[in-house]
Amino acid sequence: MSRPVGFSDPALPLFEPDKAISRAAPEDRGQPSYIRDHRKRLRERFLAGGANALPDYEMLELVLFRAIPRRDVKPLARQLLDQFGDFNGVVSAAPERLISIDGVGSAVVAELKIVEAAAHRLARARVMRRQVISSWSTLLDYCRTAMAHRETEQFRVFFLDTKNVLIADEEQARGTVDHVPVYPREVVKRALELNASALILVHNHPSGDPTPSESDITMTQRVEAAAGTMGIRLHDHVIVGQTCNLSFRADGYI
């Protein structure tokens, strides 16, 4: 057998894309030949080169194949990208906004949300039970994956043990496009329940601008004061924007 093309993980079975996909996938049967051949070629390119070999609209086509088995999905992929900006924006879009797009039904929404959930789980697995300070960039990547494209504010707390290992990641509240209610007493109460020694606060700004508001600054100070009385340290408060983040610690707010 020739050397495997594409993924190099030795745990994966050896295969050659042309042979592995020589027969139509079950969801592709009964299609016009031009659609079937296009899907076959696209899958082969993905297996050979991975995600970097495909632009956003073709990656989106791969996701849509299962939801829409007998129709050319390229126009819908481009329409979704026009509406939501990029691949991440599409898979992160709220179901009610997705369903408003002509051609998007519950099957399409389900496939997109499965991809989103899988991305979140993979990113979360890279930071849970890890020493946070030494994997700060990985933690920020997870925050962006989970929150950067949300259309309303979400407030999360990372709880750390005495060695700054992440022991819990919990959503504390959801809000509107520009406000999320946060109760310092509840944050500290949960930290005590988990026997946490330190906290990192995280929330997103759907506007895309991570600059903290006065209420963000005041809330952070109140959480820091409440936690401090119980011997719990606030390491940082990170605001996630669509293209960048802001660290309260790095920018001198705490």
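Things worth noting here:
- Evaluated against (1) part of a helix (DSSP H, G or I); (2) surrounded by 13 or more Cβ atoms within 10 Å (Cβ to Cβ), T218 falls short on exactly one condition, (2).
- From R174, R185, R222, residue being assigned by TED's automatic domain parsing to the domain that holds A148, over 25 Å from S134 (Cα atoms), charged (D, E, K, R) and touching a helix residue (DSSP H, G or I) at 6+ places or on another chain (Cβ under 6 Å): R222
- Elements of the type helices (runs of 4 or more DSSP H) sitting completely within the range 58-126 and holding at least 2 residues that are over 16 Å from the mean Cα position of the chain (by Cα): these cover 74-84, 95-98, 106-125.
The values are calculated or read from the model by the stated rules, or taken from the named source; none is laboratory data. In this text, all values refer to a predicted model and were calculated from it rather than measured experimentally. Because the Cβ atoms are built from the backbone with ideal geometry, glycine has one as well, and the counts that use them run over all protein chains shown.
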